[in-house]
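Novice: Sharing a structure here in structure tokens format.
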Amino acid sequence: MPSPQPGAGDHYFSADPATPSAPQAIELVLPEGRLIPLVTDRGTFSPDRVDDGTRALLVEGPPVPTAGVLADVGCGYGPIAVAIALRGGPGVTVWAVDVNERARDLCRANAAANGVAAQVRVVGPDDVPADLVVDQIWSNPPIRVGKAALHELLSTWLDRLAPGTGTAELVVQKHLGADSLARWLTDQGWTTGRTASRAGYRILHVEARP
């Protein structure tokens, strides 16, 4: 029997995916040897395995601070949010943000299953406190949402970085415009550099405005 197909217009960035639910268990192995069990589902981003971009970010990204406020923008079912919460330890709070309600439910469950539910705050975009200031952003942003929506999303979150000290780590596929995005970010006043390339992806390091 063929697998159920997504409904018309149904994407991982849909707020309420119409794709029939079919949960499955996968694993993420971090370079330091830590094993993270995760539950995924249809209607979310890369449900069959942790995607190469996320893996690249977790391998090539900087050390996670042991204190402060972090954010995973476009968290999906939570591989980045859970990983950085585990790496940072109890002194960090991670805001895991996604428009997709199914993904948010999975992120909450995965945070709980890995013992970091108290650190990971999973919310929709409209539930983020207006005065939230973030020390570090980690994101595999939803490039396929379209350039205008992507630029609005990144502008909103980069403006939340602590002035002069906050940083963001973004992973973007080279062939989906990583270099042009880096130029746009720089043109908007965020100092941006490429810190690594891995498996066809660029890791962009973005610094908060002064």
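Novice: Restricting to the chain, compute how many DSSP beta bridges are antiparallel as a %, nearest 5.
Specialist: 50 percent
Novice: Okay, moving on. Quickly estimate the mean residue ellipticity at 222 nm for the chain, helices only: each DSSP H run with n ≥ 4 gives -39500 (n - 2.57), and the total goes over all residues, rounded to 500.
Specialist: Rounded to the nearest 500, the figure is -7500 deg cm²/dmol.
Novice: Hey, another quick one. Determine the relative contact order of the stretch 51-207: mean sequence separation of Cα pairs under 8 Å and six or more apart, normalised by residue count, in whole percent.
Specialist: Once normalised by length, the contact order is 23 percent.
Novice: Which semi-axis lengths, in whole Å and largest first, follow from the square roots of five times the eigenvalues of the Cα gyration tensor of the stretch 17-123?
Specialist: Here the semi-axes work out to 21, 15, 12 Å.
Novice: Here's a follow-up. Rg and Dmax of the stretch 51-207, using alpha carbons, in Å: what are they?
Specialist: 14.3, 41
Novice: Please report S46, S155, S21, S139 as a ranked list, fewest other C-beta atoms within 10 angstrom at the top and most at the bottom.
Specialist: If I rank by nearby Cβ atoms, fewest first, I get S21, S155, S46, S139.
Any read-out appearing in this document is the output of simple, stated calculations on the displayed coordinates, not a laboratory observation. On a predicted model such as this, the values are computed, not experimentally measured, just so you know. Note: ideal-geometry Cβ built from the backbone for every residue, glycine included; neighbour counts use all protein chains shown.
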